Amino acid sequence: MKIVLLIVVLIVFPITAYADEGGFKKSKKLMGTEMEITVVSADEKAAHKVIDAAFAEIRRIEELMSTYIPESQISKINSAAGKKAVKVDHELLRLIKRAVEYAEMTEGGFNIAVGPLIKLWRVSEGGNIPKKDEIKKTHEIIDYRDIVINEKKETVFLKKNGMAIDLGGIAKGYASDRAEIVLKKNGIVSGIVAVAGDINAFGKKADGNKWRVGIQHPRKKGTFIGIIELEDEAVSTSGDYERFFIRDGKRYHHIIDPKTGEPAGKCQSVTIIAKEATATDALSTGIFVMGPEKGMELIERLPDVEGIIIDAKGNMAVSSGLKNRIKDK
Ligand code: AMP
Ligand code: MG
C-alpha cells in the first residue's frame, strides 16, 4: 500500500513528495505548477471549504506577483523600468525587500533582478540557448542594487531600462506560508501545504505522528534520498531536474547564475529546512547558485536553518543539525 502511495504522490510532485499523509486533501494547478493541501479535520465538507480559501489566497498572490499576468503589480514595475516608480501593495513591497535581503545573504546567488536572463533562456517555455553577446548585454541590467524601494511612498523603481523582477524563486514559498496562515485562521491546527516543492507542515497527522516528506533523488526519478519528519517547519528543494531542456546532450535548467548568465552548475539539488517557506524557497535557490562549500557554510551560520546539498557530481552533504533526522524509510 505504502509503495503504491509513494508512486502516486511522485507523479503529482516531481520535486519533493510526501512520504505519507493523513487527512483530507485537494490539489490544484496555480502559479504554473501543481499544488496540494492536506488538512486534519473531522468534517470533510468544512475541510474542503477551508482548503478552497487557502487556494484563493494563493491565486490572489499569483495575480499580484506573476510576470505572466500583464496586469500584475510586478508586470507594472517591470514595464516602468528606467522610467518611473510604481506604487505597490505593502505586502509586495515587503516581499521585494526580503528578497533583496536574501540576495545580500547569498552573495547575489539569489537575485530577483534576473528577469532579463529568464526571458532569454525561456526554460519554462521549452528553452532557448542565447548567444554569448545577448547574455553579456544583460550584465548591466541584473543588479539587484538597482531596485529602489521607497518605504514611505510604498513604491518600487527599477533604475535601468530593460530591468525586470522575477519572483519565481520566492513567491511559491511565500504563497505556501500565506496558505498556512489562512488554514490556521479558519481553525485548522494540523496540515501540510505543498506549493510544488515549497512545503509547510504544521501540527501533527491524524494518527499523532509527525508529517513526513520525502526528498527526491535528483537523478533517479521516483527514488528518495531520504525522508524527513517535520513539525511546524517548512522545506523547499531547488533542483536542476525540475524545469530543464536538453540540447546536444547538455542539460539547461531554470536556476540561472547571475554571475555567468547561464544555468548554475555547482549543484544538482539543494533542500532547505527552516521555519518559513519564504525563507526556504529563497535560500534553496540562492544556495543552489552559491554551490556546496559556500552554501553549507551559510546554512551552518544561519540560526534555525538546515539543509542538504547534492553537488554537481552527486555527492551529498547534510548540515550538522539534520544528520540524525534523515530516515531511509
Ligand atoms: P526555485 O524553483 O525556487 O529554485 O526557483 C527557480 C525560479 O526562480 C526560476 O524558474 C526563475 O523564475 C527564478 N530564478 C532563476 N534563477 C534565479 C536566481 N539566481 N535568483 C532568484 N531567482 C531565480
Ligand atoms: Mg526557491
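The values are calculated or read from the model by the stated rules, or taken from the named source; none is laboratory data. As the structure is a computational prediction, the values presented were derived from the model and not from experiment. As a convention, Cβ positions derive from the backbone with ideal geometry for all residues, glycine included, and neighbour counts pool all protein chains shown.
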The residue from I255, I228 that alone is under 15 Å from the mean Cα position of the chain (by Cα) and at pLDDT 95 or above is I255
Which ranges mark the strands (runs of 3 or more DSSP E) fully within region 1-71 that have 1 or more residues being modelled with pLDDT under 95 and over 28 Å from S284 (Cα atoms)?
24-30
Subset of region 307-321 (residues that are touching a helix residue (DSSP H, G or I) at 6+ places or on another chain (Cβ under 8 Å) and of a type outside the set (A, V, I, L, M, F, W, C)):
G307, D311, N315, S319, S320
Scope region 119-132; condition surrounded by 18 or more Cβ atoms within 10 Å (Cβ to Cβ) and either of a type in the set (S, T, Y) or within 16 Å of ligand 2 (Cβ to nearest atom) (or both); matching residues:
V123
Test: residue in region 242-262 that is under 26 Å from A175 (Cα atoms), free of Cβ contacts under 8 Å to residues at least 40 places away in the same chain and not in a strand (DSSP E or B):
no
Please enumerate the residues belonging to region 95-116 that are surrounded by 16 or more Cβ atoms within 10 Å (Cβ to Cβ), more than 18 Å from P263 (Cβ to Cβ) and away from ligand 2 (no atom under 16 Å from the Cβ).
none
For region 155-170, name all the residues that are buried (at least 16 other Cβ atoms within 10 Å of the Cβ) and more than 16 Å from ligand 1 (Cβ to nearest atom).
T155, V156, F157, G162
Please work out if G187 is farther than 23 Å from S284 by Cα, surrounded by fewer than 16 Cβ atoms within 10 Å (Cβ to Cβ) and at pLDDT below 95.
no
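Condition check: within 15 Å of A171 (Cα to Cα) and not β-branched (V, I, T). Does S79 satisfy that?
no
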Exactly one of (1) away from ligand 1 (no atom under 11 Å from the Cβ); (2) within 21 Å of N111 (Cβ to Cβ); (3) outside any loop (DSSP other than H, G, I, E, B) is unmet by G173. Its number?
(1)
Where the second residue is β-branched (V, I, T) and in a loop (DSSP other than H, G, I, E, B) and the first is farther than 15 Å from A274 by Cβ and within 16 Å of ligand 2 (Cβ to nearest atom) and lies in region 196-214, which pairs have Cβ atoms under 6 Å and are six or more apart or on separate chains?
A196/I15
One residue from I227, I199 being in a strand (DSSP E or B) and within 16 Å of ligand 1 (Cβ to nearest atom):
I199
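Conditions (1) over 15 Å from the mean Cα position of the chain (by Cα); (2) closer than 24 Å to I272 by Cα; (3) touching a residue at least 12 places away in the same chain (Cβ under 8 Å), marked per residue:
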residue	(1), (2), (3)
L93	yes, no, yes
E101	yes, yes, no
F110	no, yes, yes
A113	yes, yes, yes
P116	yes, no, yes
R122	yes, no, no
E125	yes, no, no
Out of all the residues in region 275-309, which are surrounded by fewer than 24 Cβ atoms within 10 Å (Cβ to Cβ), among the aliphatic types (A, V, I, L, M) and either within 14 Å of ligand 1 (Cβ to nearest atom) or modelled with pLDDT under 95 (or both)?
none
Please identify the pairs in which a residue from region 41-64 that is closer than 11 Å to N186 by Cα has its Cβ atom under 7 Å from the Cβ atom of a residue that is part of a helix (DSSP H, G or I) and at pLDDT 95 or above, counting only partners at least 6 apart or on another chain.
V50/L183; A53/V182; A54/A179; A54/V182; A54/L183
